[in-house]
Every structure is written in C-alpha cells, then in structure tokens.
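Working notes, structure below.
The values are calculated or read from the model by the stated rules, or taken from the named source; none is laboratory data. As the structure is a computational prediction, the values presented were derived from the model and not from experiment. Cβ placement follows ideal geometry from the backbone for every residue including glycine, while neighbour counts extend to all protein chains displayed.
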Amino acid sequence: MLDMSRKCVPYTPVTAPLKDMRIALVSATGVYHADQPPFADHNDATYRVLPADVDSSQLRIRHGHYDSSEAERDINCVFPIDRLRELAAEGLIRGVSNKHIGFKGASTDLKRQYEELAPAIATEIERSQADAAVLTGGCPLCHRVVAVVQREIEAKGIPTVLITVQPNESKSMRPPRALHPVTNTMGRVLGCAGQVEKQRRVLAAALSQLEVLVMPGTIVDWETQE
C-alpha cells in the first residue's frame, strides 16, 4: 500500500466564488447508468462517465461491499446529482459539469487502482468543464481509494472536497479537503432515501469547504442537524 503519510498533500486554492463554479461528482460507490455495463464483482479498475443531463432514475449501483439499499431507492444518498442541480438552480453554484464519474473503489489490486484508475479519472475531470469536484465513497476501502483519486484531481489544479463517512480510512490517504457528516453512515453518505433537505444541507456544507482556507489534509466534522 502507498504510504501517504510521507507525501505532501496536493492542494489547489480556490480562486473563484462558488456561484461562478461548475461542479463534477466523482463517486467510488459503484454508480453507473442502466445502459452501461455494471462493474465486475472483483478487482474492477474501470470507470463510467455520466453526462450532465443523466436521468437519476436510470442510475444503478453495483458494488457488494456496503449496504446500498437506500442508494438503490434514491441515488442521491451517495451520488447527489439531483441535489447538485437544485443548488445550481438556486444560484449557489454556477452549474453542473458536463461529465461525472462512477467507479467501484473496492479491490484487492490496489496498485492498479492507485497507478492506473486514479490518474485516468483525474484526466477525465481535467478534460471536463468542472471547476471543482465533490467525491463520495461506498465501503471502507472505497474511502481510501477515493481519496487517492481526489489527490490526483487536485494535482491537476482542480479543487476538490470529499464527503467521508469513514474518516479514519480517508485520513490514511490524506485527502486535500474533506467533510465528515458525523451521523451519516456507509450507503447513506448524504442521508437516507427521500431525505431531500438533509442531502442538500450536507452537499452545501461540503461545497462551502471550497471557500474555506484550511490546512491541507483536514477532515472537518460536521453536525447534520437531524
């Protein structure tokens, strides 16, 4: 496993207000479109590109290493595409990026995840319209791998924020910025199915971290105000 404790944290300062930024979603939860092939059960180092106008009702989960039952009812529990669009309509952000990424972070072939998958995803985001990215994970291992992906994106000069519900796992990879909604759990990263307002609060709180200058590698605990 890579020893992140000896590596500096890539950190891109935010130079524009949120209202001028287009946001991409990058998720290690196994999210894909119904027309795309699902992820393999073991050691899948592929990813799926999801367009800006993707219909959230057509998104699916294939993972197997966390309880995805809530996300299968409401994809916004782990991949808040509808909440992101609502925040764009309200003017909190400029808009939604033209592409988003879904992948499966659970794998025993971590070398391939770190050395091949993470840089490939970062290149996709670099070539998108995204001014920043929000990341989410599924299982404990996903919360490590997604932080490595986050670091690669940040190294491309694109600011990022991770929403983690496994802060100790994420911390081991030293994510550039991260928010920990303290009462949320795996498969319910932004809240349970149908908890629209809670999902919006969590996403808005995560986005707000982009405008806060913190020490690189900081994970901020945040009360979700049930």
When segment 64-106 is checked residue by residue, the ones that are over 16 Å from Ala193 (Cα atoms) and among the acidic types (Asp, Glu) are Glu86, Glu90
Does Lys156 satisfy the criteria of being closer than 20 Å to Leu50 by Cβ and among the basic types (Lys, Arg)?
yes
Can you spot a residue in segment 71-80 that is small (Gly, Ala, Ser), outside any loop (DSSP other than H, G, I, E, B), surrounded by fewer than 17 Cβ atoms within 10 Å (Cβ to Cβ) and in contact (Cβ under 8 Å) with a residue 40 or more places away in the chain?
no
For segment 93-118, how many residues are free of Cβ contacts under 8 Å to residues at least 40 places away in the same chain, of a type outside the set (Gly, Ala, Ser) and either touching a strand residue (DSSP E or B) at 6+ places or on another chain (Cβ under 6 Å) or closer than 28 Å to Asn76 by Cβ (or both)?
0
Hey, could you check segment 103-152 for residues that are in a loop (DSSP other than H, G, I, E, B) and either in contact with a His (Cβ under 7 Å, 6 or more places away or on another chain) or of a type in the set (Gly, Ala, Ser) (or both) and say which is modelled with the lowest pLDDT?
Ser107
May I ask you to verify whether His100 is more than 14 Å from the chain's Cα centre (by Cα) and outside any helix (DSSP H, G or I)?
no
Exactly one of (1) under 22 Å from Ala204 (Cβ atoms); (2) within 12 Å of the chain's Cα centre (by Cα); (3) among the β-branched types (Val, Ile, Thr) is unmet by Ile158. Its number?
(2)
Please go through segment 150-165 and pick out each residue that is among the acidic types (Asp, Glu) and either closer than 20 Å to Leu18 by Cα or crowded, with 23+ Cβ neighbours inside 10 Å (or both).
Glu154
Being of a type in the set (Ser, Thr, Tyr) and not in a helix (DSSP H, G or I) is the filter here; which residues of segment 161-180 pass it?
Thr164, Ser172
